[in-house]
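This is the structure, below, for whatever I ask next.
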Amino acid sequence: MLSEGDLPLLMATFARTSGLETFTAAASSACNWTREPIVVMTPLLATAIGEQKESVVTVEDILPNSVLCNGIPSWVFDKHTRLGKSAIRQLLAENRNLRDCIGEFVPEYRALEIAAMAAFYVDAVSLKLRMTWSMSNDLYSLGLRTDMTKIGTPDDGVEPIVSAMQSGLEHLNDIRRRLRNASYGQKLTWGIGDVEVGK
């Protein structure tokens with residue numbers, strides 16, 4: 001979390017050295033909203049691109065398949081949500097191909113965390129429009145490998161596990177929809193009668 005340091009001074013320095021005042025102001029606002037350290041890296045990256053005289057291109061990607069779960073896109077239910085974690089746990093129980101693939105590389109007690117990270121990269125990080133530069137793909141690959149290996153995936157297991165999760169995405173989305181439909185009509189007790197969620 002961003003709790004220490006002089007963020008305004010840091011951002012002012014970025015703006016002065018890069019000449020990207022508008023971009024830096026947006027990054028500063030994002031830092032204040034999210035309180036996540038990784039956001040601080042965006043003006044640093046923009047500065048590096050500028051110093052290398054890189055051409056930045058906006059590309060439109062084809063998004064992964066998704067379904068609506070009572071009006072909510074399935075990719076919303078990723079590893080950061082309770083329903084998303086439950087769906088990934090259920091996928092491991094139902095999808096032998098994924099379970100066996102992960103089992104080739106890591107012990108069972110690591111399977112859920114690794115499956116959750118693979119699922120995050122398969123559909124939750126996708127963007128319809130993104131800015132690219134000459135090192136974008138290398139930076140993405142580095143981020144993927146770092147995130148997967150720091151939770152116990154051996155380097156040679158990253159690609160097969162992510163590929164297996166990609167193959168299981170339709171199955172995962174079906175589970176997400178099932179769980180969302182099941183929870184949508186559940187009743188919550190507030191002490192005075194019952195209220196149906198989403199009604």
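The values are calculated or read from the model by the stated rules, or taken from the named source; none is laboratory data. None of the values given here were measured: they were computed from a predicted structure. A quick note on method: Cβ atoms are made from the backbone with ideal geometry, for glycine too, and the neighbour counts reach across all protein chains shown. Protein only, heavy atoms only, side chains kept; ligands, DNA and RNA dropped before computing areas. Shrake-Rupley method; radii C 1.70, N 1.55, O 1.52, S 1.80 Å.
Would you be able to say whether some residue in the stretch 60-71 is loosely packed, with under 11 Cβ neighbours inside 10 Å and β-branched (Val, Ile, Thr)? Before the answer, list the steps.
Here is the first cut: in the stretch 60-71, the ones loosely packed, with under 11 Cβ neighbours inside 10 Å are 60, 62, 71.
This time we only want the ones that are β-branched (Val, Ile, Thr), so: 62.
Yes; the residues of the stretch 60-71 include at least one that is loosely packed, with under 11 Cβ neighbours inside 10 Å and β-branched (Val, Ile, Thr).
So, one more: Answer with yes or no whether residue 91 is under 15 Å from residue 78 (Cβ atoms), part of a helix (DSSP H, G or I) and at pLDDT 95 or above.
Working: under 15 Å from residue 78 (Cβ atoms): yes; part of a helix (DSSP H, G or I): yes; at pLDDT 95 or above: yes.
So residue 91 fits the description; yes.
Pull up the stretch 24-37, narrow it to residues that are buried (at least 17 other Cβ atoms within 10 Å of the Cβ) and hydrophobic (A, V, I, L, M, F, W, C), then point me to the one that is farthest from residue 52 (Cα to Cα).
Here is the first cut: in the stretch 24-37, the ones buried (at least 17 other Cβ atoms within 10 Å of the Cβ) are 24, 27-28, 31.
Pick out the ones that are also hydrophobic (A, V, I, L, M, F, W, C) and you get 27, 31.
Working: 27: 21, 31: 25 Å.
Only one residue fits best here, namely 31.
Same structure, new question: Could you list, in sequence order, the residues of the stretch 168-191 that are hydrophobic (A, V, I, L, M, F, W, C), open to solvent by 60 Å² or more (accessible area, probe 1.4 Å) and either modelled with pLDDT of 95 or more or not in a helix (DSSP H, G or I) (or both)?
The first filter runs over the stretch 168-191 and keeps only residues hydrophobic (A, V, I, L, M, F, W, C), leaving 169, 172, 175, 179, 182, 188, 190.
Within this subset, residues satisfying the condition of being open to solvent by 60 Å² or more (accessible area, probe 1.4 Å) are 182, 188, 190.
Across the stretch 168-191, the qualifying residues are 188, 190.
For (1) within 13 Å of the chain's Cα centre (by Cα); (2) of a type outside the set (Ser, Thr, Tyr), each residue gets a yes or a no:
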{"residue": "79", "(1), (2)": "yes, yes"}
{"residue": "92", "(1), (2)": "no, yes"}
{"residue": "100", "(1), (2)": "no, yes"}
{"residue": "116", "(1), (2)": "yes, yes"}
{"residue": "139", "(1), (2)": "no, yes"}
{"residue": "146", "(1), (2)": "no, no"}
{"residue": "150", "(1), (2)": "no, yes"}
{"residue": "157", "(1), (2)": "no, yes"}
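Is it true that some residue in the stretch 59-74 is closer than 26 Å to residue 174 by Cα, part of a helix (DSSP H, G or I) and touching a residue at least 24 places away in the same chain (Cβ under 8 Å)?
The answer is yes, given that some residue of the stretch 59-74 is closer than 26 Å to residue 174 by Cα, part of a helix (DSSP H, G or I) and touching a residue at least 24 places away in the same chain (Cβ under 8 Å).
I'd like to verify a number: residues in the stretch 75-121 that are small (Gly, Ala, Ser), closer than 21 Å to residue 144 by Cα and without any contact (Cβ under 8 Å) to a residue 60 or more places away in the chain, how many?
Filtering the stretch 75-121 for residues small (Gly, Ala, Ser) gives 84, 86-87, 93, 103, 111, 115-116, 118-119.
Checking the rest, the ones that are also closer than 21 Å to residue 144 by Cα come to 84, 103, 111, 115-116, 118-119.
Now drop any that are not without any contact (Cβ under 8 Å) to a residue 60 or more places away in the chain, which leaves 103, 111, 115-116, 118-119.
So the answer is 6.
Given the conditions (1) without any contact (Cβ under 8 Å) to a residue 24 or more places away in the chain; (2) within 13 Å of residue 87 (Cα to Cα), which single one is not true for residue 125?
Of everything listed in (1) without any contact (Cβ under 8 Å) to a residue 24 or more places away in the chain; (2) within 13 Å of residue 87 (Cα to Cα), residue 125 misses just condition (2).
Among the helices (runs of 4 or more DSSP H) lying completely within the stretch 96-156, list those that include at least 1 residues that are touching a Cys at 6+ places or on another chain (Cβ under 9 Å), open to solvent by less than 30 Å² (accessible area, probe 1.4 Å) and over 21 Å from residue 75 (Cα atoms). Write out each step before concluding.
Numbers: elements: 96-103, 111-119, 136-149.
Ranges flagged: none.
Now, a different point. What number of residues within the stretch 1-51 are of a type in the set (S, T, N, Q) and under 26 Å from residue 134 (Cα atoms)? Give the steps one after another, and end with the answer.
To start, the set of residues in the stretch 1-51 that are of a type in the set (S, T, N, Q) comprises 3, 13, 17-18, 22, 24, 28-29, 32, 34, 42, 47.
Okay, now just the ones that are also under 26 Å from residue 134 (Cα atoms), so 13, 17-18, 22, 24, 28, 42, 47.
Adding up the residues that qualify gives 8.
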